[in-house]
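So the structure is just underneath, and the comments pick up after that.
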Amino acid sequence: QVQLVESGGGLVQPGGSLRLSCAASGSIFGSYVMGWYRQTPGNQRDLVATITTGGNTNYPDSVKGRFTISRDNVKNTVYLQMNKLNPEDTAVYYCNLRRIGRVYWGQGTQVTVSS
């Protein structure tokens with residue numbers, strides 16, 4: 001059993017920054033991928049970033065250069081530093097963990113970019 005608890009969402013002005021955190025707990029060990037996805041009402045949940053245990057990262061072009069994913073393997077926590085935010089980044093952001101073909105999701109945290 002794996003639990004993911006997200007925090008750090010909120011309201012930020014365009015051009016601003018926000019840092020999301022996701023703490024994982026439960027039966028996790030060894031190598032696993034953690035990531036962030038986002039979803040707006042009526043739309044698909046889209047990839048934001050992923051990071052492996054070894055630190056290999058993956059970003060779509062929409063966030064590359066603005067968002068940075070990182071992880072603390074001691075704390076089993078993944079972070080998403082979001083800079084240069086724009087209104088199109090407004091969404092519910094979900095943390096996920098993938099290990100041995102199993103995928104776990106957090107509850108989501110709302111990020112709203114508005115002036």
List the number of the failed condition for L11; all other conditions in (1) among the hydrophobic types (A, V, I, L, M, F, W, C); (2) over 17 Å from L97 (Cβ atoms); (3) assigned to a loop (DSSP other than H, G, I, E, B) hold. (3)
Selection from the stretch 27-57 of residues that are of a type outside the set (F, W, Y), open to solvent by less than 50 Å² (accessible area, probe 1.4 Å) and either more than 20 Å from L85 (Cα to Cα) or in contact with a Leu (Cβ under 6 Å, 6 or more places away or on another chain) (or both): I28, V33, M34, I51, T52, T53, G55
Listed residues N96, N76; which is surrounded by 15 or more Cβ atoms within 10 Å (Cβ to Cβ), at pLDDT 95 or above, in contact with a strand residue (DSSP E or B) (Cβ under 8 Å, 6 or more places away or on another chain) and closer than 13 Å to Q3 by Cα? N96
Checking L20 against (1) open to solvent by 50 Å² or more (accessible area, probe 1.4 Å); (2) over 18 Å from V103 (Cα atoms); (3) in contact with a Gly (Cβ under 6 Å, 6 or more places away or on another chain): exactly one of these is not met. Which one? (1)
Among the residues of the stretch 58-73, which ones are surrounded by 15 or more Cβ atoms within 10 Å (Cβ to Cβ) and charged (D, E, K, R)? R66, R71
Given the conditions (1) without any contact (Cβ under 8 Å) to a residue 40 or more places away in the chain; (2) β-branched (V, I, T); (3) under 26 Å from G15 (Cβ atoms), which single one is not true for V74? (3)
So for the stretch 45-52 (the condition being over 20 Å from K75 (Cβ atoms), acidic (D, E) and modelled with pLDDT of 95 or more), does at least one residue qualify? yes
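The values are calculated or read from the model by the stated rules, or taken from the named source; none is laboratory data. Source: prediction; values computed, not measured. Positions of Cβ are backbone-derived with ideal geometry, glycine not excepted, and every protein chain shown enters the neighbour counts. Quick note on the areas: whole protein, heavy atoms, side chains included, nothing else; ligands and nucleic acids left out. Shrake-Rupley method; radii C 1.70, N 1.55, O 1.52, S 1.80 Å.
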